[in-house]
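What follows is a short report on a single structure.
The values are calculated or read from the model by the stated rules, or taken from the named source; none is laboratory data. Note that the coordinates shown come from a computational prediction; the quantities given were computed from them, not determined experimentally. Backbone-built Cβ (ideal geometry, glycine too); neighbour counts: all protein chains shown.
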Amino acid sequence: AGMAEEEHSSASLNPGVVRLQGIGMWAPGGLYSAYDTKYQSEMENWLSENDFHKLINAINTSIVMRWPCVPCYCFSTVCCPFTLGLSTLLVRCLCFSDAEMAAQATIQRVNDSQACRESGVTFKLVYSRCRSWIEVSRESRR
């Protein structure tokens with residue numbers, strides 16, 4: 001809980017950016033099978049709650065639809081120490097990359113949506129140290 005609080009508070013230090021943490025299954029390389037769907041108060045002046053839920057649910061659905069099957073997921077994580085990481089690399093290249101490409105394509109469509117264009121909001125999948133999150137940001141309006 002401490003790490004999530006730390007990450008949330010660090011995101012709030014940067015106005016105009018909200019982090020949606022991974023809440024689903026974790027994949028080697030950092031992708032999660034889903035990201036937080038909680039509407040955060042920082043977004044109240046950016047997007048309606050209804051629009052936010054439609055957009056984040058589209059992203060999460062695209063990942064889940066391409067998420068690797070249970071045997072692939074288990075093989076990549078359980079066999080990792082015994083294959084010196086090769087099982088993780090193999091499954092990441094063959095299976096998890098489909099989920100990541102689907103997420104990136106959906107994020108592009110989300111960013112091109114009328115709700116995002118009108119409000120200046122963008123969604124972005126961000127990776128750091130084998131973890132990921134989605135950043136929702138709003139361009140400053142002058």
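Some values worked out for this structure:
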item	result
Subset of the stretch 14-39 (residues that are polar (S, T, N, Q) and part of a loop (DSSP other than H, G, I, E, B))	Asn14, Ser33, Thr37
Residue count, the stretch 1-21 (criterion: surrounded by fewer than 19 Cβ atoms within 10 Å (Cβ to Cβ), at pLDDT 85 or above and not hydrophobic (A, V, I, L, M, F, W, C))	1
Test: residue in the stretch 59-71 that is among the hydrophobic types (A, V, I, L, M, F, W, C), surrounded by 14 or more Cβ atoms within 10 Å (Cβ to Cβ) and over 19 Å from the mean Cα position of the chain (by Cα)	no
Of all residues making up the stretch 45-72, the number that are assigned to a helix (DSSP H, G or I) and farther than 22 Å from Ala105 by Cα	4
Qualifying positions in the stretch 91-138 - among the charged types (D, E, K, R) and free of Cβ contacts under 8 Å to residues at least 24 places away in the same chain	Asp112, Arg117, Glu118, Lys124
Unique match (being surrounded by fewer than 18 Cβ atoms within 10 Å (Cβ to Cβ) and either part of a helix (DSSP H, G or I) or charged (D, E, K, R) (or both)) among Glu100, Glu42	Glu42
